[in-house]
Each structure stands twice: as C-alpha cells, then as structure tokens.
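The values are calculated or read from the model by the stated rules, or taken from the named source; none is laboratory data. Since the structure is predicted, the reported quantities are computational estimates derived from the model, not experimental observations. Note: ideal-geometry Cβ built from the backbone for every residue, glycine included; neighbour counts use all protein chains shown.
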Amino acid sequence: MSTIGTYNGANIVAFPCAPGIKQLNLSMNDTTPVSTSPFTGVQQVQAWPGADFWTADLTLPQMTSETVAAWEGFLGECRGMTNVFYLGHPFHISPSGSASGTPVCNGVTAPMSYTLATRGWTPNTYRLLLPGDHLQIGYRLHRVLTQVDSDVNGGAIISVWPSIREATTDGEPVILNRPQGLFRLSSNKRSILSAETRLNAVTISVIEAR
C-alpha cells in the first residue's frame with residue numbers, strides 16, 4: 001500500500017499526481033438548523049460550533065487503461081471510507097495576495113475558533129492574503145475570508161473557514177504553497193466508467209476527514 005502516514009488509526013494514502021484533476025467542485029458546508037414558527041414566520045437559528053466541513057466532487061480527464069491504473073489502485077487503497085488522503089485545490093496553489101515573510105501560528109488558537117493569530121509576516125504589509133486564498137494548518141485546509149494585513153511587528157489575524165479543528169501550537173507553520181487538507185471518500189462505492197473508445201471516466205466525491 002502506498003501510504004505516507006496515519007491519522008486517527010487510518011492510513012494516509014498517496015494521492016495520484018497524474019493525470020491532474022480536470023474539474024473540482026469544492027463546497028463549504030455549515031450545520032445550521034432553522035425552525036420557523038407556522039404562526040409568526042419568525043425563525044430560530046442554531047449554529048453548531050465546529051460543525052462546518054468541506055465536501056468536493058472531482059472530475060478527471062478521460063484516461064486510457066494504462067493511465068487509469070494508478071487511480072484504480074488509489075481507489076482500492078482507500079478501502080471505501082476507511083482511509084484518508086491529502087487534497088488541495090488544483091487551481092489555487094498559491095495566494096493571490098502579496099504574501100511575504102515566514103508565517104507561523106502565534107500562540108495557541110483553540111478548536112472551533114473562526115480566527116487564527118499569526119506572526120512572521122513582513123511588517124506593515126497590506127494585502128498579504130485576499131478573500132478566497134487557501135492555507136493549511138496541520139491536517140487542515142482553510143479558506144481566507146477577509147483581506148489580511150500585517151502590523152508593525154509582523155503579526156496578523158486571519159479570518160478563516162472552516163473553523164480551527166485542532167488546537168494550534170505556537171510556531172506551527174502556516175502553509176501557503178500548495179495547501180492541502182485531509183479528506184476521505186464520501187461513499188464506500190467506487191466506479192470507473194469504461195467506453196468502447198477504450199477511454200475511462202472517473203468522478204470522485206469526497207468529504208473532509210474528521
């Protein structure tokens with residue numbers, strides 16, 4: 001098995017490098033029950049802290065039997081929803097902002113926090129990160145929600161989605177180049193469509209590993 005580590009007892013399976021993803025539908029999900037009064041129409045909203053998570057649908061280019069073999073092996077190694085793998089957005093591999101410096105976590109940020117304290121940026125710099133940029137903390141992929149500017153000491157507070165999963169450690173790296181997060185298949189069933197053209201079509205649905 002081509003594994004690169006473990007997570008909560010699951011093997012982390014190496015994600016195939018080629019061919020690359022042709023299309024990715026990366027979805028943000030929040031668990032927010034809403035009840036509406038049938039008499040007044042007034043809504044009661046309950047946001048559940050930490051119940052936000054990624055899902056994604058991946059479409060791969062059509063492949064020959066020789067090329068699709070690596071993906072067949074990968075899907076087998078996933079063992080359905082048992083094992084996990086790293087996945088990043090193939091079209092957002094670096095920030096749109098002017099990110100400079102060597103950012104790290106500043107102190108401990110608690111789980112379920114919506115903001116991340118960082119340091120190590122170039123001081124007094126605007127537009128380090130822009131809304132829609134991605135970053136990685138530990139096992140987790142996060143999206144930047146607002147413009148990030150550094151202060152005179154090179155510190156910056158980053159508003160992120162989803163919320164922080166595991167407590168950060170002081171000095172933990174903030175990964176900006178090809179950030180990734182841990183995912184698993186969203187179903188135990190895996191299918192590869194083969195046509196008379198001898199080309200194979202693969203579509204994969206995944207969910208953030210928690």
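If the condition is being surrounded by fewer than 19 Cβ atoms within 10 Å (Cβ to Cβ), within 23 Å of ILE93 (Cβ to Cβ) and free of Cβ contacts under 8 Å to residues at least 40 places away in the same chain, then the range 138-159 contributes GLY138, LEU145, THR146, ASP149. If you take the residues of the range 159-203 that are part of a strand (DSSP E or B) and under 15 Å from the mean Cα position of the chain (by Cα), which of them is farthest from ALA117 (Cα to Cα)? Among residues in the range 159-203 that are part of a strand (DSSP E or B) and under 15 Å from the mean Cα position of the chain (by Cα), the one farthest from ALA117 (Cα to Cα) is LEU185.
Every condition in (1) surrounded by 14 or more Cβ atoms within 10 Å (Cβ to Cβ); (2) part of a helix (DSSP H, G or I); (3) small (Gly, Ala, Ser) holds for GLY50 except the one numbered (2). With respect to (1) within 18 Å of the chain's Cα centre (by Cα); (2) over 27 Å from TYR139 (Cα atoms); (3) of a type in the set (Phe, Trp, Tyr), the lone exception for PHE15 is condition (2).
Counting the residues of the range 1-47 that are closer than 22 Å to ARG165 by Cα and either assigned to a loop (DSSP other than H, G, I, E, B) or basic (Lys, Arg) (or both) gives 7. Going through (1) in contact (Cβ under 8 Å) with a residue 24 or more places away in the chain; (2) closer than 23 Å to ILE192 by Cβ; (3) among the small types (Gly, Ala, Ser) one by one, ALA99 falls short only on (2). Selection of the range 21-58 for residues being modelled with pLDDT under 90 and in contact with a Pro (Cβ under 6 Å, 6 or more places away or on another chain) yields only GLN46. Condition check for PRO95 on (1) part of a loop (DSSP other than H, G, I, E, B); (2) not assigned by TED's automatic domain parsing to the domain that holds THR122: one failure, at (2). The number of residues in the range 107-137 that are surrounded by fewer than 23 Cβ atoms within 10 Å (Cβ to Cβ) and aromatic (Phe, Trp, Tyr) comes to 2.
Within the set GLY120, GLY107, the sole residue that is assigned to a strand (DSSP E or B), at positive phi and at pLDDT 95 or above turns out to be GLY120. With respect to the numbered conditions (1) within 29 Å of LEU193 (Cα to Cα); (2) touching a Ser or Thr at 6+ places or on another chain (Cβ under 6 Å), which one is the sole condition not fulfilled by GLN44? Among (1) within 29 Å of LEU193 (Cα to Cα); (2) touching a Ser or Thr at 6+ places or on another chain (Cβ under 6 Å), the lone unmet condition for GLN44 is (1). If you scan the range 160-201, which residues turn out to be hydrophobic (A, V, I, L, M, F, W, C), under 22 Å from PRO90 (Cβ atoms), modelled with pLDDT of 95 or more and surrounded by 15 or more Cβ atoms within 10 Å (Cβ to Cβ)? Residues satisfying the conditions are VAL160, VAL174, ILE175, LEU176, LEU182, PHE183, LEU185.
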